[in-house]
There are 2 protein chains.
Amino acid sequence: MNTYTELLRIHHLKATPQRLEIAYALDKYGHLSIEALYELLRNKFNSISLATIYKNINIMIENAFIQEVKIPHTKSVYELTKETHAHLVCEQCNQVIDIQLDLNPLSKNISESSHFQIKTANLIFSGLCQVCQK
Amino acid sequence: MNTYTELLRIHHLKATPQRLEIAYALDKYGHLSIEALYELLRNKFNSISLATIYKNINIMIENAFIQEVKIPHTKSVYELTKETHAHLVCEQCNQVIDIQLDLNPLSKNISESSHFQIKTANLIFSGLCQVCQK
DNA sequence: CTCTGTGCAAAGCGTTTGCAAACGA
DNA sequence: TCGTTTGCAAACGCTTTGCACAGAG
């Protein structure tokens with residue numbers, strides 16, 4: 001039993017070949033759109049359906065195996081759930097980069113001053129990656 | 001000529017009654033979904049079309065008169081463009097609150113350490129508002 | 001007067017659903 | 001074997017488009 005099978009199990013998901021491939025692809029590429037995932041999986045499964053992608057993405061989100069990243073001005077991408085981090089999004093090549101960033105102190109400050117109970121923070125920086133700056 | 005007419009002019013938008021009402025509604029309520037906007041405008045214009053809402057929202061975004069706020073797990077809302085700020089979103093009542101927050105120092109830090117040229121930052125805190133905590 | 005915006009209906013497109021067959025445990 | 005998942009096709013819902021008329025400047 002490989003790592004992805006275990007990972008799926010932990011999140012109460014049966015390990016089908018399609019799901020294993022989704023997990024593998026997200027692990028390898030970090031962030032993928034529905035469309036990109038579909039294209040990737042088509043290389044493995046000649047007759048895979050978009051419906052299968054959607055059904056799996058949805059159940060994987062429900063089970064906290066993956067997360068949706070909503071990006072300004074572009075379509076969403078999906079990533080394996082991992083510890084909280086921020087995203088850098090290149091407006092030119094659409095690359096998405098994770099950066100470690102502890103927002104807890106800031107959240108705490110705001111919670112205290114606004115009486116709003118903060119559970120999660122979502123931070124996206126948009127701009128140009130090193131390559132696209134040239 | 002009222003304020004909203006001027007505001008629209010500044011963004012190179014003709015001041016039609018429908019647009020004036022959109023501007024007024026966003027100014028008054030802060031953040032509105034397409035659907036909410038449609039319901040509000042229907043009170044003023046008995047035969048307004050959803051297509052008109054969409055066309056105006058789109059051109060207003062293009063002309064930087066308004067901005068879309070993409071919220072995790074819910075539909076987008078729209079707001080008048082103003083200086084950079086973060087959002088508090090209540091997961092229970094879906095209320096959206098603006099908070100002033102200067103992310104420039106943080107952006108600068110990240111830009112320098114990551115060689116990524118940051119243009120804009122987008123920060124959303126999700127949780128429970130004061131009322132919904134009870 | 002001219003060009004843009006509006007409302008309506010139809011088209012478009014991404015996403016979801018229902019179902020029979022295939023499959024995982 | 002039993003319950004879940006897959007793939008297909010159809011349905012769905014949100015958004016966009018084309019067009020004729022109305023309205024802003």
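What follows is calculated from the coordinates using simple rules that are stated; it is not laboratory data. Bear in mind the structure is a predicted one, so any value in this text is a computation, not a measurement. Every residue, glycine among them, receives a Cβ derived from its backbone with ideal geometry; neighbour counts consider all protein chains shown.
Place a point 7 Å from the Cα of B:Gln92 along the Cα-to-Cβ direction; which residues of segment B:119-134 have their backbone N under 12 Å from it?
Once the point is set 7 Å along Cα→Cβ of B:Gln92, B:127-134 turn out to lie under 12 Å by backbone N, inside segment B:119-134.
Over the whole of B:64-77, what's the average partner chain Cβ count within 10 Å per residue? Rounded to a whole number, please.
Mean number of neighbouring Cβ atoms from other chains: 2.
Wrap a convex hull around the Cα atoms of chain B, take a quarter of its surface area, and give that in square nanometres.
So the Cα hull casts an average projection of 10.2 nm².
In debye, nearest 20: dipole of the protein assembly as shown around its Cα centre with unit charges on the Cβ of K, R (+) and D, E (-)?
It works out to roughly 520 debye.
Which pairs break 28 Å Cα to Cα here: A:Lys44/A:Lys75; A:Lys108/B:Lys70; A:Lys55/A:Lys108; A:Lys28/B:Lys55; B:Lys28/B:Lys108; A:Lys55/A:Lys82?
Among A:Lys44/A:Lys75; A:Lys108/B:Lys70; A:Lys55/A:Lys108; A:Lys28/B:Lys55; B:Lys28/B:Lys108; A:Lys55/A:Lys82, the Cα-Cα distance tops 28 Å for A:Lys55/A:Lys108; A:Lys28/B:Lys55; B:Lys28/B:Lys108.
Using 7 Å Cα-to-Cβ label points, what is the B:Lys119/A:Lys108 separation (nm, one decimal)?
With each label placed 7 Å out from Cα toward Cβ, I get 3.6 nm.
Taking the mean number of other Cβ atoms within 10 Å as a proxy for protection, how do you rank B:55-61, B:120-126, B:7-13 from highest to lowest?
Final packing ranking: B:120-126, B:55-61, B:7-13.
Measuring label to label, 7 Å along Cα→Cβ, what does A:Gln67 give against each other copy in nm, shortest first?
2.1
From the label point of B:Arg9, set 7 Å from Cα along Cα→Cβ, how far away are the matching label points in the other copies, in nm, ordered shortest to longest?
Values, ascending and in nm: 7.1.
For B:Leu50, which inter-copy label distances result when the label point lies 7 Å beyond Cα on the Cα-to-Cβ vector, reported in nm to one decimal and in ascending order?
Distances to the matching label points in the other copies: 2.0 nm.
If I take R0 = 25 Å and measure r between the Cβ atoms of A:Thr74 and B:Ser47 in this structure, what FRET efficiency does the formula 1/(1 + (r/R0)^6) give, to the nearest 0.05?
0.15
Which whole number of Å³ per residue matches the convex hull of the alpha-carbon atoms in the protein assembly as shown?
About 178 Å³ per residue, rounded to a whole number.
Most fluctuating residue of B:Glu83, B:Glu35, B:Glu91 in a GNM of chain B with Cα springs under 10 Å: which is it?
Per the Cα network of chain B with a 10 Å cutoff, B:Glu83 tops the list.
Out of all DSSP beta bridges with both ends in segment B:45-134, state the antiparallel percent to the nearest 5.
Counting DSSP beta bridges with both partners in segment B:45-134, the antiparallel share is about 70 percent.
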